[in-house]
Amino acid sequence: MKAKVVSQEELKQMCEQFLEVCISGSDDDIRHFGEDVEVRFINDDGSFGYTYVCDLFFYHDRMYYWSQRNTQKEHLTLNDFELEGSLEILEIFGDIKIFPVIFAGVYTGYQDDKGQKIFTGDVVKATALMEADMISEGGRTRARMCNGKDYGGATFIAGIDFFGHRRDDYYYILDNCPIAMKYTKRAKVIGNVFYDLDCDCMAVNIHERCSMLAYPYNINIRNLHIKMAHAPYFICKTWQERALKFLKDEPFYEELPTTLQ
């Protein structure tokens with residue numbers, strides 16, 4: 001596996017390149033630009049959305065999703081932006097709707113044992129076979145031994161992200177050392193790190209949150225797993241928001257204790 005994009009900053013650079021391609025590239029270049037990079041984002045209602053580089057742009061370090069489809073009730077228009085440089089290219093797409101969103105990872109190319117796509121920022125219960133003769137090639141393929149004796153391996157729960165400046169693979173972020181996903185023997189997505197988000201949140205440091213999971217000192221692990229399983233969600237700050245959650249029969253996860261009693 002070859003990691004395509006590993007951070008929000010690199011995604012931002014790709015979005016800028018796409019706008020340049022729209023200006024000077026051919027129709028074929030525009031049609032296929034970034035088609036192998038699937039991006040996940042969080043909508044303002046706390047739901048996940050999925051798209052590709054060509055439907056995203058950054059403005060003052062904030063990520064926006066733009067579409068001609070009516071995907072949400074509230075949206076921005078081009079009049080809300082002081083267009084400059086290559087961003088002016090958005091004007092040619094006609095009546096587009098623009099939504100501020102939060103970057104929530106990219107598709108790693110791997111899937112868990114049930115076929116669910118694994119994105120950076122996901123939390124996975126996995127078993128890694130470090131001595132494997134044959135490594136995973138992505139998707140649902142798994143690391144294994146040539147002689148068929150693939151028992152054993154290290155089992156853990158970890159967040160998924162890049163590691164350092166490596167571009168060879170995505171990694172399980174652990175407390176002592178990261179493990180490349182190519183050594184995956186078994187995997188099950190059990191949640192993600194996008195919990196307890198502020199309503200005015202503009203970006204999430206995925207690597208920092210994965211590292212916090214790897215070093216869970218003074219944290220109630222059970223409550224943390226509950227939060228991850230129900231993520232993404234935003235913290236309720238007003239009684240009106242709490243009432244809506246109550247009417248929807250959704251627990252107030254931010255009220256759970258965060259330290260051991």
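The values are calculated or read from the model by the stated rules, or taken from the named source; none is laboratory data. What you are looking at is a predicted structure, and each value in this text was computed from that prediction instead of being measured. Here the Cβ positions follow ideal geometry from the backbone for every residue, glycine too, while neighbour counts run over all protein chains shown. With ligands, DNA and RNA removed, areas are computed over all heavy atoms of the protein, side chains included. Shrake-Rupley method; radii C 1.70, N 1.55, O 1.52, S 1.80 Å.
At 1.4 Å probe radius, can you tell me the per residue accessible area of the stretch 98-237 in Å²?
Computed with neighbouring chains in place, this is 46 Å² per residue.
Equivalent-ellipsoid semi-axes for the stretch 80-221 (Cα gyration tensor, √(5λ), whole Å, largest first): 35, 20, 13. Exposure check, 1.4 Å probe, all protein chains in place: M134 carries approximately 80 Å² of accessible surface. Rounded to the nearest 10 square angstrom, H230 shows an accessible area of 100 square angstrom against a 1.4 Å probe. With the highest mean first, a sort of the peptides 185-194, 25-34, 203-212 on other beta-carbon atoms found within 10 angstrom per residue produces 185-194, 203-212, 25-34.
With a Förster radius of 30 Å, plug the Cβ-Cβ distance of Y50 and I23 into 1/(1 + (r/R0)^6) and report the FRET value to the nearest 0.05.
Using R0 = 30 Å, I get an efficiency of 0.70.
Placing R0 at 45 angstrom, the Cβ-Cβ distance between D113 and I235 gives a FRET efficiency of 0.90 after rounding to 0.05. Gain on full extension, evaluated as 0.36 nm per residue between D61 and M202 minus their Cα-Cα distance, stands at 49.9 nm.
Fully extending the segment from R31 to N223, taken as 0.36 nm per residue of separation minus the present Cα-Cα distance, adds 64.7 nm. Carbon-plus-sulfur accessible fraction, the stretch 95-203 (probe radius 1.4 Å, protein heavy atoms only): 50%. Ignoring ligands and nucleic acids, what accessible area does R140 show with a 1.4 Å probe (Å², nearest 10)? Roughly 130 Å² of R140 is accessible to a 1.4 Å probe. Expressed in Å, the radius of gyration and Dmax of the Cα atoms of the stretch 105-185 are 11.9, 36.
Mean projection of the Cα convex hull over all viewing directions, computed for the stretch 3-46: 4.0 nm². The protection proxy used here, the mean number of other Cβ atoms lying within 10 Å of each residue, ranks peptides 120-127, 35-42 as follows, highest first: 120-127, 35-42.
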